[in-house]
């Protein structure tokens, strides 16, 4: 430490820039696999919840009148809704696979030890699932 | 030490110094309404720690910089802070392990009331620590040693290492949004006594933690395990307490 503190004598006053205005936000916490899997789990979970809400409403319409039900379901047959379905399958796929991982973390003795590996297995299975589904789905959506 | 260095200037020159930019999140409750980032340049050796950078700023550039540190060697648990977005002890983080080409961001730990610069109010943290009764409870009179086998001791060895720095609790997303949650550190210290064969109050502690704000708030994000400067497998300990609550005994 001597060579650091000794420089003070006779040295000019250190230049300290003024505080930067504007940027007051703290940094985003940089978690690792565990945190980001939880973030994804939350986002997909809430999205699925809102889908189910709409889904129960539109399905309940069939009890009001089958014609109204058909009309509403008919409006879903657009490319935008098709992409939405793709996102929905992706969200459910991740939520289901990561849900199994969380069950293993909670109930399998070695679960916490292997959580990172299990996260990457979840991602791998998820990608395989999407490779099987997405091209087919997109062909259907855009050929009609 | 200094005389040794003066006698051997060649050796001292051989050590490459470098300039690092430190971005410190400052907050002065007397003048600021919001925290602000302030930039400092420090001359560092690769073997210097973030704490040395903070010392250099406080001692040579801006004496008003406020932070806690006591032992400065990773034992007292005073200087937990967020370094480049992750909770670390400033005294255990070497500058050479950080990316010096970019500024090093240092800010107070999250989820506890900010008092000044890098200092937070630790009271909510210690309040939940006290609530889990972190002391040995035994009905037998201590007229001789309470014997314990090596296996019984090993059962809770990991959680005896806690230094109460709050790096785990303040890395927990649940704790950030729900200040009522006991937090990892309190559960770790409960674990230390729940699985101690000499202790007789395991059931009491399991009952305390079998609460809406107890172990069930844990969402297994593993931020606590990753943040712990003592390498405690925090999420593992919480999972063991969860399992013990389900079993009804340690």
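Things worth noting here:
- Under the Debye formula (equal points on every Cα, no solvent term), log10 I(q)/I(0) of the range A:33-142 at q = 0.17, 0.18, 0.19, 0.21 Å⁻¹: -0.88, -0.94, -1.00, -1.11
- For the range B:120-250: rounded, prolate or oblate by the Cα gyration tensor [a/c cutoff 1.5]: prolate
- Rounded to the nearest 10 degrees, the inclination of helix B:234-247 to the longest alpha-carbon principal axis of chain B is 10 degrees.
- Placing dummy labels 7 Å off each Cα toward the beta-carbon, the span from residue A:52 to residue B:126 is 4.4 nm.
- Among the residues of B:37-44, the average count of other protein chain beta-carbon atoms within 10 Å of the residue beta-carbon is 4.
- Global form of the range B:25-67, assessed from the alpha-carbon gyration tensor, a/c cut-off 1.5: prolate
- Mean-square fluctuations from a GNM of chain B, with a 10 angstrom spring cutoff on Cα atoms, peak among B:185, B:127, B:108 at B:127.
- Shielding of peptide A:29-42 by partners, expressed as the average count of other chain Cβ atoms within 10 Å per residue Cβ, is 5.
- Shielding by partners, peptide B:77-88 (average Cβ within 10 angstrom, other chains): 2
- With a simple spin-label model that places each label point 7 Å from the Cα along the Cα-to-Cβ direction, the separation between residue B:213 and residue B:18 comes to 4.5 nm.
- Packing, as the average of other Cβ atoms within 10 Å across residues, places the peptides B:160-167, A:73-80, A:105-112 in the order B:160-167, A:105-112, A:73-80, highest first.
- On Cα atoms only, tilt of B:184-194 relative to the major axis of chain B in degrees: 40
- Computed on the Cα trace of the protein assembly as shown, the radius of gyration divided by the Kirkwood hydrodynamic radius gives Rg/Rh = 1.08.
- Mean separation of Cα contacts under 8 Å, 6 or more apart, over the residue count of chain B: relative contact order %: 17
- Residue A:137 versus residue A:83: modelled label distance in nm, points set 7 Å from Cα along the beta carbon direction: 1.3
- Relative contact order [Cα under 8 Å, 6+ residues apart], the range B:74-141, whole percent: 22
- Fully extending the segment from residue A:113 to residue A:28, taken as 0.36 nm per residue of separation minus the present Cα-Cα distance, adds 28.0 nm.
- Using 0.36 nm per residue and subtracting the Cα-Cα separation, the extra length available between residue B:96 and residue B:70 on full extension is 7.1 nm.
- Calculated FRET efficiency for the pair residue B:151/residue A:69, C-beta based, R₀ 56 Å, to 0.05: 0.30
- Packing-based order for A:36-48, B:141-153, using average beta carbon neighbours within 10 Å, highest first: A:36-48, B:141-153
- nm² value of the averaged projected area, convex hull over the Cα atoms of chain B: 17.6
- Relative contact order of the range B:136-250, pairs being alpha-carbon contacts under 8 Å that are 6 or more residues apart, as %: 32
Bear in mind that the values in this text are calculations on the coordinates, not laboratory data. Given the structure is predicted, the values throughout are model-derived calculations rather than measurements. Methodologically, a virtual Cβ is constructed for each residue, glycine included, from the backbone with ideal geometry; neighbour enumeration extends over all protein chains shown.
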